[in-house]
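Engineer: Have a look at this one before I ask anything.
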């Protein structure tokens, strides 16, 4: 259940409308998903969140868009964010993630989760060879 209500007519707020227009232009789609509709309860929060997400996810970088979506989904799984897990897996599929890649992705996420829990329990010291600053 949501903790806030989305505005009834978010397009009446010029700040919200500007963000929604940018989302549409950036994505090349008229679809505004619920995360942005609900964040529109506060125009400032909507603006800063979209600016941050756009800078990371919609700006060309060294990582391919599909890889970014898969990484976002992995963190979302680890943080138990159902919305982001579904949203970013759908985006990864739209960017070319195959069923075989998704199965492999789930294996990596599951393996990392298991070994993370084990190592957190064991408190294994980090090998010096893995440290950036070995001074």
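Every number here is computed from the coordinates shown, using simple stated rules; none is lab data. Every value quoted in this text rests on a predicted model; they were computed, and no experiment measured them. In this analysis, Cβ positions are derived from the backbone assuming ideal geometry, glycine residues included, and neighbour counts consider all displayed protein chains.
Engineer: Given the options 12, 98, 49, state which has the largest fluctuation in a GNM of the chain using a 10 Å cut-off (strictly under) for Cα springs.
Structural biologist: Checking each option, the largest mean-square fluctuation is seen for 12.
Engineer: When only Cα pairs under 8 Å and 6 or more residues apart are kept, what is the percent relative contact order across the chain? Each step should come with its number before you reach the end.
Structural biologist: Values: 75 pairs, mean separation 21.0, N = 135.
Dividing the mean separation by the residue count of the chain yields 16 percent.
Engineer: Which of 24, 93, 123 moves most in a GNM of the chain, Cα contacts under 10 Å?
Structural biologist: 123
Engineer: GNM, the chain, Cα, under 10 Å: largest mean-square fluctuation among 114, 68, 95?
Structural biologist: 114
Engineer: Using the alpha-carbon atoms, what tilt in degrees (0 to 90, nearest 10) does helix 82-94 show relative to the longest principal axis of the chain?
Structural biologist: Its long axis makes an angle of about 90 degrees.
Engineer: So how far apart, in nm, are the two label points at residue 63 and residue 34 if each is 7 Å from Cα heading toward Cβ?
Structural biologist: So the label points at residue 63 and residue 34 sit 2.5 nm apart.
Engineer: If each residue of separation counts as 0.36 nm, what is the full-extension length gain between residue 128 and residue 27 once their alpha-carbon separation is subtracted?
Structural biologist: Numbers: separation 101, 0.36 × 101 = 36.36 nm, distance 4.37 nm.
Between residue 128 and residue 27, full extension yields 32.0 nm more.
Engineer: If you take all C-alpha pairs in segment 61-125, what percent of them are over 15 Å apart? Show your work: numbers first, answer last.
Structural biologist: Details: 1132 of 2080 pairs.
The answer is 54 percent, as a whole percent.
Engineer: Of all alpha-carbon pairs in the chain, indicate the percentage at a distance above 20 angstrom. Present the calculation step by step, with values, prior to reporting the outcome.
Structural biologist: Values: 5302 of 9045 pairs.
Here the long-distance tail beyond 20 Å is 59 percent of all Cα pairs in the chain.
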